[in-house]
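**Q** Below is a structure I'd like to ask you about.
Read the figures in this text as sums done on the coordinates, not as results from a lab. The structure displayed is predicted, hence computed values, not measured ones. Don't worry about glycine lacking a Cβ; one is built from the backbone with ideal geometry, like all the others, and counts go over all protein chains shown.
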Amino acid sequence: MSALDRSHGQGAVTAAGDGRPTVPRAAPRSYYGLPVLNEPVWTWEIPAYFFAGGMAGASAPLALAASVQGNRRLARAASAVALAGVAVSPPLLISDLGRPERFLNMLRMFKVTSPMSVGAWILSAFAPAVAVGAGRELLGVAPAVGRAGQVGGALLGPALSTYTAALLACTAVPVWHEARRELPFVFAGSSLASAGAAATILAGPSASAPARRMAVGGATLSLCATIAMERRLGALAAPYHEGSAKPFARAAKGLSAAGALTLACASAAQGRARMPAARMRSWTGGRSSRGRPIQSAAGVALLAGAALERWAIFRAGIDSAADPAATIAPQRARRDRA
Amino acid sequence: MSDFELPTSSWQASYGEEARERVGFFTDTSLCIGCKACEVACKEWNRVPEDGLVHRGMSMDNTGGLSADTWRHVAFIEQRNAFELGDDGEGGLRWLMASDVCKHCTHAACLEVCPTGALFRTEFGTVVVQEDVCNGCGYCIPACPFGVIDRREDDGRAHKCTLCYDRLKDDQTPACAQACPTNSIQFGPLDELRAHAQDRVAQLVQAGEQGAQLYLADGDDGIGGAGAFFLLLDDPEVYGLPPDPVDPVRRLPAIWGLTALAAGTILAGVAAAVTGDRHRARRR
Amino acid sequence: MAECHPVGFQWVMEARERGATIIHVDPRFTRTSAVADLHVPIRAGTDIAWLGGLINHVLTEGREFREYVVRYTNAATIVSDEFLDTEDLDGLFSGFDPDSRSYDVSSWRYAGMQIDPAAGARGQTSRAEQSHGAHGAALQEGDPPHVDETLEHPRCVWQILKRHYARYTPEVVEQVCGVPQAAFRQVAEAICANSGRERTTAFVYSVGWTHHTTGTQMIRSASILQLMLGNIGRPGGGIMALRGHASIQGSTDIPTLYNILPGYLPMANATSAGTLDDYVEDNNAPAGYWGHAREYIVSLLKAWWGDAATAENDFCFGRLPRIDGDHSIYPTIMGMRDGRVEGFFVMGENPGVGSGNSKLHRLAMAELRWLVVRDLQMIESATFWKDGPEIDTGELVTEDIATEVFFLPAAAHTEKDGSFTNTQRLLQWHNKAIEPPQDCRSELWFMFHLGRRIREKLAGSQDPRDRAILDLTWDYPTAGPTAEPDAEAVLREISGAEYGPDGKALSGYTELRGDGSTACGCWIYSGVYGGERNLANRRKPRTEQDWVAAEWAWAWPLNRRILYNRASADPAGRPWSERKAYVWWDPDKRSWTGYDVPDFKVDMAPDYEPPEGAKAEDALRGDEPFVMQADGKGWLFAPTGLTNGPLPAHYEPHESPASNLLYPRQPADPTREQFPRQDNRYNPAHGEPGAGVFPYVLTTYRIAEHHTAGAMSRWMPYLAELAPDPFVEVSPELAAERGLRHSDWATIVTERTAIEARVMVTERMTPLHIGGRTVHQVGAPWHWGTSGLARGDSANDLLPIVLDSNVHISEFKSATCDVQPGRRPRGPALLQYVAAYRRRAEGS
Ligand SMILES: Nc1nc2c(c(=O)[nH]1)N[C@H]1C(S)=C(S)[C@@H](COP(=O)(O)OP(=O)(O)OC[C@H]3O[C@@H](n4cnc5c(=O)[nH]c(N)nc54)[C@H](O)[C@@H]3O)O[C@H]1N2
Ligand SMILES: Nc1nc2c(c(=O)[nH]1)N[C@H]1C(S)=C(S)[C@@H](COP(=O)(O)OP(=O)(O)OC[C@H]3O[C@@H](n4cnc5c(=O)[nH]c(N)nc54)[C@H](O)[C@@H]3O)O[C@H]1N2
Ligand code: SF4
Ligand code: SF4
Ligand code: SF4
Ligand code: SF4
Ligand code: SF4
Ligand SMILES: [Mo]
């Protein structure tokens, strides 16, 4: 193969000198099969933050609602989850940036054109709110301030869970940008799922009914949104089907579905707890105490599913940016149409 | 997806008196001889570090592309020219050379998504990174539709062409344009360059250069027009350029809308989940 | 040109934009081809056949510029009946002596007269060292040349040309050069159509034409063609020799060559020129500007020995060294290897990488007693004794090398004042931009202070031989903490002045005198300091003056931008055409005028006839433009001055994949200088058994990314990264034949050694079809060496030393080789690998 073949006067994207895999002839022309875009430089901390932040964000309103309803166990659980979520977020971000003071640069200005800027402010406001809210629920300190914090957190939380979708959508990475319509709902769904699951595990069957519904509903939402996303992406969804994101995407779907299903049945069974059917009891673990293991297991599956979902989307972005065809083909098609 | 006017593209307003005529590059690749003087002059003037000693086997290109450590990149493409057939029936051999650079977009995604304001619009309408402000968040990198800006390993900050901001301030020509022996890199007021480019491409097409085409030469593209545009002899993708780039931030209003909706869904979801809960009933 | 003279190439691009047709003749498709209108691939080393074909085209189609040819060239001149052509002698001209493998040129002379090199000793054979100063030629006393302006006389130059070139047909060109006849005709037509009264065609060449055993005659071929088409001495015409190092032109004007003195005055030699008068008699021409040999040499001696140089002592002429043989670089290197040379100064050169058979150079330097290297970088030539390839193979052992190596850091051109003389004879001054770092010093500083110290050591010596040094004028003013000599003072000395403490600077060589009252370091540079001004330092932009831009710097001679510009006007002194008007005769003012400095006494009328006994330029007629030539004519036929023939004849390169189709009895140039020795083995010649072991053509060249032997690029991160590894360019067909994979390594082998390089498979390399065979060419940039940031094997290790007999230039551009996939063996295994090849080549 000569420099000529490899420089795609011919219309094929073929291997570059360093043995990068050959893109099939069908693919559009490109420059030695090199990516048009520069790959995102983000590392594992970012998807991890997406998960933690998302979970915290959806936990806040749950904490408030439960607290208002007087479901103290659930309120405690949700507050703890929210607190844990915001607690790990800054460290994750800082470790990606390198130095702590660099996070402060984020707050030099507020830019509506920069989801990251918006997110930085949301996180900065959300964290204290959650903190005082948790203070009220867990330690019983400053109830009034705490309530205010809970209200604030409940309003900011959902934004924290979903702005990260805007952040990804607002890039030139095809698999992210072209998924801009579904991505927020994927994130919303898996945030609900993870928040619900975490609360279920902590609060236990008797108190976690709302959390379970939330988890099941969230998982369903994210599954539907994901399927819709991949359908819309069409060829661009390749990374989910063959790329390095494939195993994660699959596992995410599987775990979420399984978790949701199990939890649904468990809840349903628990709901019919008074029904005198020993057999049924035996497998649903109807009575609260005996239902806990299986519900917790389902919760863990949902958490893992939500985490892997973020990781899959992140990986897919890296692959998509690295694939010249992903960038060029749709644009070429657009131009030829015009 | 309604476009919306970006604060940054109304830079003149934001500079008022200070604002200067918008300048940029017209890179006419039909005049390029691939000498790489631009690539080297840029590094010399801006003290850009060496970018790795790798033999790539991509014709005479051992640089690969633009990066934090390469702000001008000369592409080399060997091809059988589909347009002029040689007597062997095959296309005559042709060797395309083109010097790529940051486009200094009117709607510059890198700048718009930069959370710290490190990327800013200069009084010349160009897009520049303030190294001391950049916190290395890396958002600008996937935001750029051209794969221009990138993060440097050692300092963890983003770097790219500054259109020689320092030289512009002293009314000097950017180093790359200064070094270009054949005037393939033409620097000047954007309007003049655009006008000239139209004539040039017409002239070439008339002379039989059927592949000749302007790239990013007017305001009505996905990035609201580039400060650095090109005359190419083949399709943009052949040079590693996106055929129809779009500033992702254009879709941000819609994206924000859907994001708000999704956030609302979370609230609704929680509300739905807690309502009809029998707790209250049993407790009382 | 785009690769190696990119800045100069901007004018070619500008010409293209203005409608000029650019034709690139090169074995490879380069950056130049990429922007040219037409690229003609040619087999390396066959341009004499190619240009011969074009000459024949002009002759047979009658496309010459008739009036120009008849009046301005020696086409009409009748040649001695003793002359026999290659057509008569199977590829040899008359006068060949098989033993010395050289020509007695006497039979090449014009009928009825005697010719000698204008500036070269008389009565010698053509052997190199005598002919070197040759710069035009002189007719000795005798009848004026016999001419036949009808060009019909069978022995007139024109008819000789016709017979000589008759066999250089398009068919032959195709067979020899591999250029399809269609392409040939296209080029021939383009050139002819673009020449004549209204239009001119320019040729640009560089070392693609010179790096051959026949290099000089390649340039001659171009000269003949351009003279026939009337493209010499006219705007937009000429032959532009693109030079190399920034001042390589300067280094022949004020030579770093052993056999000429400044201004192309021949070095005095041992066999003749005992006294100044002998020298002047030998080198003075009765007609033309070489008729002032005494003025030039005496002024030079005055510049050197000042007061010590008096009429009584021949102006110290006796103190000039005498040439007693070939002391050019390659024989000297072999002298080192053989222990005949003890010490060596390497200043601004990197022979360990840059010279043909650089391996031999490294081995030779290891035999020296002392070696001084002055350079910007710690180059291979300074470090071969510890990290050269021979240390790896075990051929050299550091402990056993007795050479004492001194490395002296040099100041770069940005760190000192001085001038560059470019290919256009333009002296351009450059000012020091920054102080040289640490111990770095300029050449001027080194030479001046070295001389000063030697003179201090010799002070008071009575030994007569030391007078040569002690009497030198060595009094340049110095300044600054390092006592840097004043470069302008040197320039002034070169330019010349009335001799004496406050003698005024001369305005040109026409003011030189032979009585010791003027001193001038280089007659052709005389006037560069005219009016006590450094004219080389003029920087008036072209936008502020006419298109000749006479006020940008200064061109020798006399700030003349086009030589022989008298030829831009017709014999009557009128421009050939308005479009091409350049200098012309103004009958009213009775003087020459125009855009450039006329190449003529301004008041010498076109109808001027030299009176009886006229001398020098006065002995030329008013319509004889070639004022450096004794007959005032452009020489289609060179009766003297060349070692290998009055006309170019096609010979194959020393190592060639083909037989000589035109002269089967003479494969390669019969006078080429060969050095058959174990450390300079030659591949078997075509047809010899074993030739098939090295089936491919090897040609070496530069790339835009690197500079020569690399010290100025391989050490620079920004340049090193542009081309980090050595590579060879091969066609897809050759790659398939040898199983070479793009970007993998290949090993290239010759009788000398084997090197490795990356493979660049590219359609830019075209297999050539010659005599029904396919000839593959391997292209190898030669910039790499063992040191610096970008390191690798040197292509020069592969090349043999075999030289053009006129100028001793090495055949860098065409040898034969084999190429195999994969890296070369390491250590001693490399020697065995090459030995195996040698055995196969010997067929044992
Ligand atoms: N970038 C760069 N510029 C340089 C230099 C450098 O090293 N790098 N070196 C400087 C120096 S010292 C010099 S001398 C000049 C040399 O300048 P050039 O002469 O341009 O240098 P080369 O590349 O050695 O040779 C020129 C071309 O001759 C072709 N060639 C080889 N054999 C033949 C032949 O038989 N016939 C014809 N027609 N062509 C042939 C080669 O393929 C090559 O493309 O460049 C100067 N400029
Ligand atoms: N195979 C092959 N071999 C070739 C050629 C080819 O085409 N093919 N080309 C031939 C030609 S044309 C040439 S000119 C030679 C060139 O070959 P060389 O002259 O041997 O190689 P260069 O690298 O040019 O050496 C110049 C050196 O001068 C140093 N230098 C630069 N400026 C200064 C200064 O001001 N003072 C001092 N003291 N040193 C300085 C540089 O660092 C460099 O090391 O190579 C010849 N060799
Ligand atoms: S090309 Fe990329 S880096 Fe340059 S201004 Fe546009 S978006 Fe920013
Ligand atoms: S990396 Fe620097 S320049 Fe880029 S977006 Fe972040 S802060 Fe702005
Ligand atoms: S404008 Fe300046 S910074 Fe930008 S590429 Fe040219 S030289 Fe480099
Ligand atoms: S300097 Fe000009 S000619 Fe040379 S590579 Fe750059 S753009 Fe092309
Ligand atoms: S290196 Fe110097 S001499 Fe050579 S092209 Fe560039 S500017 Fe001209
Ligand atoms: Mo040279």
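**Q** Using Cα-Cα distances under 8 Å and only pairs 6 or more residues apart, what relative contact order does chain A have, in percent?
**A** This gives 20 percent for chain A.
**Q** Oh, and also: What longest region of chain A stays clear of trypsin sites (Lys or Arg not before Pro) that DSSP places outside H, G, I, E and B and that have at most 10 other Cβ atoms within 10 Å?
**A** Longest run free of exposed loop sites: A:26-273.
**Q** Same structure, new question: Assuming R0 = 35 Å, can you tell me the calculated FRET efficiency for the pair A:Leu138 and A:Cys224, based on Cβ-Cβ distance, to the nearest 0.05?
**A** With R0 = 35 Å, the Cβ-Cβ based efficiency is 0.50.
**Q** Amide H neighbours of B:Arg157 under 5 Å, at least 5 residues apart or on other chains, H built in the peptide plane: list them.
**A** B:Arg152
**Q** Compute the signed sum of charges (Lys and Arg +1, Asp and Glu -1) over the other residues within less than 12 Å, Cβ to Cβ, of A:Leu97.
**A** With Lys, Arg at +1 and Asp, Glu at -1, the net is +1.
**Q** Amide H to amide H, which residues 5 or more places from C:Ala616 or on other chains are under 5 Å from it, using H placed in the peptide plane?
**A** Residues meeting the amide H criterion: C:Ala287, C:Gly288.
**Q** To continue, here is another question. Here is the link list: B:Lys43/C:Lys416; B:Lys169/C:Lys416; C:Lys589/C:Lys615; C:Lys504/C:Lys580; C:Lys432/C:Lys601. Which ones come out longer than 29 Å on Cα distance?
**A** With Cα atoms farther than 29 Å apart: B:Lys169/C:Lys416; C:Lys504/C:Lys580; C:Lys432/C:Lys601.
**Q** First check a/c for chain A, with a ≥ b ≥ c the square roots of the eigenvalues of its C-alpha gyration tensor; if it is under 1.5, answer rounded, and if not, answer prolate when a/b is larger than b/c or oblate otherwise.
**A** It is oblate, given that a/c is not under 1.5 and a/b is not larger than b/c.
**Q** Could you give the angle, 0 to 90 degrees to the nearest 10, between helix A:183-203's Cα long axis and the longest principal axis of the Cα atoms of chain A?
**A** The answer is roughly 30 degrees.
**Q** Also, I was wondering about something else. Could you give the size of the charge dipole of the protein assembly as shown about its Cα centre, using +1 on the Cβ of each K and R and -1 on the Cβ of each D and E, expressed in debye and rounded to the nearest 20?
**A** I would put it at about 11320 debye.
**Q** Using a Förster distance of 35 Å, how high is the FRET efficiency between C:Ala468 and C:Arg101, based on the Cβ-Cβ distance and rounded to 0.05?
**A** 0.50
**Q** In addition: Summing Lys, Arg as +1 and Asp, Glu as -1, what charge do residues with Cβ under 11 Å from the Cβ of C:Leu803 carry, C:Leu803 excluded?
**A** Cβ neighbours under 11 Å give a net charge of -4.
**Q** Mind pulling the angle between the C-alpha long axis of helix A:115-134 and the longest principal axis of chain A? Nearest 10 degrees, somewhere in 0 to 90.
**A** Approximately 10 degrees, to the nearest ten.
**Q** Something else about it: Between C:Arg773 and C:Ala193, what FRET efficiency comes out of the Förster formula 1/(1 + (r/R0)^6) with R0 = 25 Å and r the beta carbon distance, rounded to 0.05?
**A** Result of the calculation: an efficiency of 0.15.
**Q** Now a separate question. GluC sites (Glu not before Pro) within segment C:152-249: which are DSSP loop residues with at most 13 other Cβ atoms inside 10 Å?
**A** Here the GluC sites (Glu not before Pro) that fit, given the DSSP loop and packing criteria, are C:Glu152, C:Glu198.
**Q** List, in order, the whole-Hz ³J(HN,Hα) value for each residue of segment C:590-601 obtained from phi through the Karplus relation with A = 6.51, B = -1.76, C = 1.60 and θ = phi - 60°; use x for Gly and Pro.
**A** 6, 8, 6, 8, x, 7, 10, 6, x, 8, 7, 4
**Q** Could you tell me which of C:Phe727, C:Gly521, C:Trp554 has its Cα farthest along the dipole of chain C towards the positive end, charges placed at Cβ (Lys, Arg +1; Asp, Glu -1), taken about the Cα centre?
**A** The one lying farthest along the dipole's positive direction is C:Phe727.
**Q** What are the ³J(HN,Hα) couplings of segment B:223-228, residue after residue, when phi is run through the Karplus curve with 6.51, -1.76, 1.60 and θ = phi - 60°? Round to Hz, x for glycine and proline.
**A** 3J(HN,Hα) across segment B:223-228, in whole Hz: 10, x, x, 9, x, 10.
**Q** Something else about it: Between rounded, prolate and oblate, where does the protein assembly as shown land on the alpha carbon gyration tensor, with a ≥ b ≥ c its root eigenvalues, rounded for a/c under 1.5, else prolate if a/b exceeds b/c?
**A** prolate
**Q** Same structure again: Which cross-chain or sequence-distant (5 or more) residues have an amide H under 5 Å from the amide H of B:Gly24, H modelled 1.01 Å from N in plane?
**A** When sequence neighbours closer than 5 places are left aside, the close amide H contacts are B:Gly188, B:Leu190.
**Q** Considering only DSSP beta bridges whose two residues both sit in the protein assembly as shown, what percent are antiparallel, to the nearest 5?
**A** Taking every DSSP beta bridge with both residues in the protein assembly as shown, the antiparallel ones total about 65 percent.
**Q** Can I ask one more? Give me the dipole magnitude in Debye, nearest 20, for segment C:137-294 about the Cα centre, with unit charges on the beta carbon: positive for Lys and Arg, negative for Asp and Glu.
**A** For this selection, approximately 640 debye.
**Q** Let me ask something else. What ranking, highest mean first, results for peptides A:187-200, C:704-717 when packing means the other Cβ atoms within 10 Å averaged over each residue?
**A** Ranking, from highest mean packing down: A:187-200, C:704-717.
**Q** Let me have the relative contact order for segment B:86-239, percent, based on Cα pairs under 8 Å that are six or more residues apart.
**A** 22 percent
**Q** Still on this structure, I have one more. Quick one: work out the % antiparallel among DSSP beta bridges in chain C, nearest 5.
**A** Among the beta bridges of chain C, antiparallel pairing accounts for roughly 60 percent.
**Q** Moving on. Please report the net charge: other residues with Cβ closer than 12 Å to the Cβ of C:Ala411, K and R +1, D and E -1.
**A** The answer is -3.
**Q** Pick out, from C:Val204, C:Trp782, C:Gly91, the residue whose Cα sits farthest towards the positive end of the charge dipole of the protein assembly as shown, with +1 on the Cβ of Lys and Arg and -1 on the Cβ of Asp and Glu.
**A** Of the listed residues, the answer is C:Trp782.
**Q** Report, in listed order, any pair from A:Lys111/B:Lys160; C:Lys540/C:Lys633; A:Lys111/B:Lys103 with a Cα-Cα distance greater than 25 Å.
**A** Correct reply: C:Lys540/C:Lys633.
**Q** Which aspartates and glutamates have a Cα less than 15 Å from the Cα of A:Lys253, not counting those fewer than 8 places away in the same chain?
**A** Answer for A:Lys253, where 15 Å is the Cα cut-off: A:Glu230, A:Glu309, listed by chain and number.
**Q** If one takes the longest principal axis of the Cα atoms in chain A, at what angle in degrees, from 0 to 90 and to the nearest 10, does the Cα axis of helix A:143-169 lie?
**A** 20 degrees
**Q** Answer with one residue from A:Leu139, A:Gly70, A:Ser296: the one whose Cα lies farthest towards the positive end of the charge dipole of chain A, charges on Cβ with Lys, Arg +1 and Asp, Glu -1.
**A** A:Gly70
**Q** Expressed as a rounded percentage, what relative contact order does chain C have, with Cα pairs under 8 Å and six or more residues apart?
**A** Answer for chain C is 16 percent.
**Q** If you don't mind, there's one more thing I want to ask. Rounded to the nearest 500 deg cm²/dmol, what is the calculated helix-only ellipticity per residue at 222 nm for chain C, with -39500 (n - 2.57) per DSSP H run of length n ≥ 4?
**A** -6500 deg cm²/dmol
**Q** Output ³J(HN,Hα) for segment C:208-224: one whole-Hz value per residue in order, computed from phi by the Karplus curve 6.51 cos²θ - 1.76 cosθ + 1.60 with θ = phi - 60°, and x for Gly and Pro.
**A** With the stated coefficients, segment C:208-224 comes to x, 9, 9, 7, 9, 5, 10, x, 4, 6, 5, 5, 4, 4, 5, 4, 4 Hz.
**Q** Something else now. Taking a ≥ b ≥ c as the square roots of the Cα gyration tensor eigenvalues, with a/c under 1.5 meaning rounded and otherwise prolate when a/b beats b/c, else oblate, which class fits segment C:636-718?
**A** Note, shape of segment C:636-718 comes out oblate.
**Q** Suppose every K and R has +1 on its Cβ and every D and E has -1 on its Cβ; what is the size of the dipole of chain C about the Cα centre, in Debye to the nearest 20?
**A** With only Lys, Arg, Asp and Glu charged at Cβ, the dipole is about 1780 debye.
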